[in-house]
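Quick notes on the structure that follows.
The values are calculated or read from the model by the stated rules, or taken from the named source; none is laboratory data. Keep in mind that what you see is a predicted model, and the values were worked out from it rather than measured. Glycine gets a Cβ as well: all are built from the backbone with ideal geometry, and neighbour counts include every protein chain shown. To get the accessible areas, we keep the full protein, side chains included, count just its heavy atoms, and leave off ligands, DNA and RNA. Shrake-Rupley method; radii C 1.70, N 1.55, O 1.52, S 1.80 Å.
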Amino acid sequence: MTAMDGTTELQMLSFQAPKIRLLRSLSIENEAMQILDFAVFARPEFDVPIFCANFFSTATINIIVLDLNPLHNVIDQRDYKEKYFKRLIPLGLKYSKLFPWGGKLTSESLKFFSPIVIWTKFPPSQDSYDALYSAFTEYYKAWLELIDQAPEEIDASHITCNREAQLKYLTWREEKDPGHGILKRLIGERLAKDLVRNFLFNGLDEPGSKGFLDYFPEYRCEDGSINKKRSIIGKSFENRPWDARGEFIGGNGVVPS
């Protein structure tokens, strides 16, 4: 797809596989910026995390999120964290030393990240680009190993729980993803909304899906609309809220948003 400026190109690819509901990639490139939005969602019969890579680069700054987004809350559900992330903590430590924490992250957003998340900002540097590429390949390899080893769930209630968790994640990302503004400027509001809902976060129209305010009622305004603020609680994490063992220590780093 070519943007309204006639020069910026948006490239989209998507695939499915026996264990993968959706693998999709969006890349955007022009003289001012490069963007990669890459994600992989398992089918609900598998409770593996969601692979997430969001890279935004300009001539002066790189803003990076790389993670295996947990399907279930790793702060509250210790068994899920132990199941998928305990063995990956050394991988997260390796790259957290290379990529410092990127600054404030809202407490609402944090629920969708794991102890191994790379959330960072850095100026242009070939060494950093090489390290980021290595991180991407190692994280993706780790995810592929998880999905390859994951047994298929046969309990209908667990499958429903996994589907609901993925829908909640998709609903949050569709409404609060910070990249929406760029898409609107490039291709217009109508096409941007279609791209976000039906491609980037495809699955929101599945039977039984709910609206944003059903999942996040704290964002309801008095007139019934959705509050556009990123954070309602008003707290954010200035520093990495997990220690070297992957234990949540967020209470020590909370600052006003």
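Each label point is 7 Å from the Cα along the Cα-to-Cβ direction; what then is the distance between the points at GLU152 and ARG87, in nm?
Modelled inter-label distance: 2.1 nm.
Over the chain, what percent of the accessible surface lies on carbon and sulfur atoms, probe 1.4 Å?
Of the solvent-accessible surface of the chain, carbon and sulfur hold 54 percent.
Aspartates and glutamates near LYS94 by alpha-carbon distance under 17 Å, same-chain residues fewer than 8 away left out - which ones?
ASP67, ASP127, ASP130, GLU138, ASP243, GLU247
Using the crude model of +1 on Lys and Arg Cβ and -1 on Asp and Glu Cβ, and no other charge, please compute the dipole size for segment 138-178 relative to its Cα centre, in debye to 20.
180 debye
Between GLU189 and GLU218, with labels modelled 7 Å along Cα→Cβ, what's the label distance in nm to one decimal, could you check?
2.9 nm
Could you pull out the pairs from LYS19/LYS81; LYS19/LYS104; LYS19/LYS210; LYS141/LYS210; LYS86/LYS168; LYS19/LYS97 whose alpha carbons sit more than 28 Å apart here?
LYS19/LYS104; LYS141/LYS210; LYS19/LYS97
When only alpha-carbon atoms count, how far does segment 132-257 stretch along each of its three principal axes, as whole angstroms with the largest first?
Sorted from largest, the Cα extents of segment 132-257 read 45, 39, 35 Å.
Among LYS210, LYS121, LYS97, which one shows the highest mean-square fluctuation when the chain is modelled as a Gaussian network with alpha-carbon springs under 10 Å?
Highest fluctuation of the listed residues: LYS97.
Three principal axis extents, largest first, for the C-alpha atoms of segment 48-100, in Å?
Reported extents, whole Å, longest axis first: 42, 21, 16.
When only C-alpha pairs under 8 Å and at least 6 residues apart count, what is the relative contact order of segment 1-51, in percent?
Rounded, it is 27 percent for segment 1-51.
List the aspartates and glutamates whose Cα lies under 15 Å from the Cα of LYS235, skipping any in the same chain that are fewer than 8 positions away.
Those aspartates and glutamates meeting the cut-off are GLU108, GLU218.
In the P(r) worked out for segment 1-65, what percent of Cα pairs fall beyond 17 Å?
50 percent
Given +1 on the Cβ of Lys and Arg, -1 on the Cβ of Asp and Glu, and no further charges, what dipole in debye does segment 61-212 carry about its Cα centre, rounded to the nearest 20?
With Lys and Arg at +1 and Asp and Glu at -1, about 580 debye.
Hey, which aspartates and glutamates would be in cross-link range of LYS184, C-alpha to C-alpha under 19 Å, not counting anything within fewer than 8 residues on its own chain?
Excluding near neighbours in sequence, the set is ASP5, GLU9, GLU29, GLU31, ASP37, GLU174, GLU175, ASP194.
Once the mean 1/r over all distinct Cα pairs of segment 21-166 is inverted, what Kirkwood radius in angstroms do you read off?
16.1 Å
Rolling a 1.4 Å sphere over the protein heavy atoms, what is the accessible area per residue of the chain, to the nearest Å²?
52 Å²
Roughly how big is the chain's charge dipole about its Cα centre, with Cβ charges of +1 (Lys, Arg) and -1 (Asp, Glu), in debye to the nearest 20?
460 debye
At a threshold of 8 angstrom on Cα-Cα distance, excluding pairs fewer than six apart, so keeping six or more, what relative contact order does segment 48-193 reach in percent?
Once normalised by length, the contact order is 25 percent.
Just to confirm my numbers, what's the Cα centroid distance between segment 3-55 and segment 144-220 in Å?
Taking the Cα centre of segment 144-220 as reference, the centre of segment 3-55 is 13 Å away.
Which of these, ARG230, ARG240, ARG190, has the largest mean-square fluctuation under a Gaussian network model of the chain (Cα springs below 10 Å)?
Sorting by GNM fluctuation, first place goes to ARG190.
Using the C-alpha atoms of the chain, what convex hull volume per residue, in cubic angstrom, is computed?
About 137 Å³ per residue, rounded to a whole number.
Can you pull the Kirkwood radius for segment 177-250, inverse mean 1/r over Cα pairs, to one decimal in Å?
So the Kirkwood estimate lands at 15.5 Å.
Relative contact order, percent, of the chain when contacts are C-alpha pairs under 8 Å separated by at least 6 residues?
Dividing the mean separation by the residue count of the chain yields 18 percent.
For the chain, what does the helix formula give at 222 nm: sum of -39500 (n - 2.57) over DSSP H segments with n ≥ 4, over the residue count, nearest 500 deg cm²/dmol?
Here the helix-only value at 222 nm equals -9500 deg cm²/dmol.
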